Amino acid sequence: MPERPNIVLFLTDSQGWNAMGECGRGFAETPNLDALAEEGVRFDRNYAASVPCTPSRAGLFSGKYPHAAGAWANNTRLEKGVETMGSYLREAGYRTAYIGKWHLDGDYFGTGEAAPGYDPEWWYDGQNYRDEVGEEFWEWYRSGMETRVAENDIDEIHDRGITREDTWGGRITDRALEFIDHARGGDQPFFLVVSYDEPHEPSLCPPPFCDMYTDQRYPLPDNYETIEELDDKPDRHRELAEEYAEGTHIINSLENAEEEGSIYRPLYFAASTFVDDEIGRVVDEIDSTHPDTVVTFTSDHGHYLGAHGIDLKHSPMYDEVTRVPLIMRGPSVAEGEVTDSLTGLVDLLPTYLDIADADVPTDLHGQSLLDTARDPSVEHREEVLLEYHSYGDSDFYPVRCLVTDDGYKFVVNLLDSDELYDLNEDPGEVSNEIGNEAYAGVRDDLHRRMLDLMDETDDNFADDAWADRAWRADAD
């Protein structure tokens, strides 16, 4: 690997493996991400730190679990003094640029001003985009958060003559290309984040992308569950499934899904292909001007798309939302390999510091995965912790989840019933084994490990209620 190579991180929003092409479930067309995976390493068991956007990004950019980083729910801020990738890599001698969605300063779209550690000249967030396109266009664009999931919205995209240059994603790409050109010939390595909001709703994308999936329906996955099949699941899960089945949720893509055997989300998949095309534009420029660059692609969380009878992202810790894509390509990284070694988004910051030949602070919760990127047979983690607290206007609903390298997922829903899944026997996470005495030894061991990890990472939400669970033989 060259001494201190350039580092580029591509980040999308709400894109799980089920919205990927050949390197994922194969429904959406993502040829550029497929090519990136063929040229590098695909980490198939990579987990977010949390759901939804803000806490997941807190874990990614701080290298700490959200409960320690401070931004533990959407639209909350990082705790004062918590450093992120930009600060660490600037201290290591890198130029740092952040282009796109940030969502760690208390506002979905940002303030228009650079976060600490990033070059203000090369900061471009949602507020900057809003200032450029004007209020009339902006109001129309964001109104699609509630409605832009069906074919009539595609007609409006055509009626308005929307082009790539009108979209946030298109302008993010243009700004990234400007930075790459500006950095050409420089003697200082750079760290560039290209953070797209797509395919997150409203999933705005121009023709021809917006038309690609109008005649296609996404088949309900094998682990689609009806309300009647959710008797062993937490109450919150059943409530969410009822909302979608009855068409009372803000996005009703699951209404009548069971009788159709599929759901209709043409713009979500269209935006997945659109953002793939935008990433391809940036990768092409990197390859032609800065070939010795470590390129990473990931997403902050996934999308249920009908799994377990729910949609979007919520408190359930199922893989459709928590297991997110991770692809890395670059000098000394293995080529065309796939690994099932357990990794987490909290591992990216220490990995980048390792690449930059910089010291990794001991208070980070992540650990460098560079050895596994170089040799995918190297095991990385024994366990990874995930968490959840609230989403949108929902009430406080604390969750901790432990995923292990030997194929178990253990979930404590503090104010609800708990869950245990044997991912080796039940990869769809349909059968909750929390009350199955055949799994009592595994369950109790995972519970102990979770409590230990909460303690080791200074979890401020920890108290006796996490230990005193109804299924424990020693419960009060």
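The table that follows gives values for the structure above.
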item: Residue match in the stretch 315-332 (condition: touching a Cys at 6+ places or on another chain (Cβ under 6 Å) and within 30 Å of S262 (Cα to Cα)); result: yes
item: Pairs, first surrounded by 24 or more Cβ atoms within 10 Å (Cβ to Cβ) in the stretch 101-115, second basic (K, R), C-beta under 6 Å, six or more apart; result: H103/R57; L104/R57
item: Residue ID - nearest to T322 (Cα to Cα), chosen from residues in the stretch 365-414 that are of a type in the set (F, W, Y) and under 19 Å from the mean Cα position of the chain (by Cα); result: Y388
item: Residue within the stretch 129-143 that is modelled with pLDDT under 95, part of a loop (DSSP other than H, G, I, E, B) and open to solvent by less than 70 Å² (accessible area, probe 1.4 Å) present; result: no
item: Index of the failed condition, D455 passing every other in (1) in a loop (DSSP other than H, G, I, E, B); (2) open to solvent by 20 Å² or more (accessible area, probe 1.4 Å); result: (1)
item: Search result, residues across the stretch 215-248 that are part of a loop (DSSP other than H, G, I, E, B) and open to solvent by less than 70 Å² (accessible area, probe 1.4 Å); result: L220, P221, N223, Y224, E225, T226, D232, K233, P234, G247
item: Residues located in the stretch 392-416, provided they are in a loop (DSSP other than H, G, I, E, B) and open to solvent by less than 50 Å² (accessible area, probe 1.4 Å); result: S394, Y397, P398, G407, L414, D416
item: Residue check, Y421 more than 22 Å from E225 (Cα to Cα) and either assigned to a loop (DSSP other than H, G, I, E, B) or without any contact (Cβ under 8 Å) to a residue 24 or more places away in the chain (or both); result: no
item: Test set (1) open to solvent by less than 10 Å² (accessible area, probe 1.4 Å); (2) in contact with a Gly (Cβ under 9 Å, 6 or more places away or on another chain); (3) part of a helix (DSSP H, G or I) - D197 fails condition number; result: (3)
item: Some residue of the stretch 20-32 being closer than 26 Å to Y218 by Cα, modelled with pLDDT under 95, among the basic types (K, R) and surrounded by fewer than 24 Cβ atoms within 10 Å (Cβ to Cβ); result: yes
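The values are calculated or read from the model by the stated rules, or taken from the named source; none is laboratory data. Treat the numbers as computed from the prediction; the structure is a model and nothing was measured. Reconstructed Cβ throughout: ideal geometry from the backbone, glycine too, with neighbour counts over all protein chains shown. Keep in mind that these areas ignore ligands, DNA and RNA; they rest on the heavy atoms of the full protein, side chains included. Shrake-Rupley method; radii C 1.70, N 1.55, O 1.52, S 1.80 Å.
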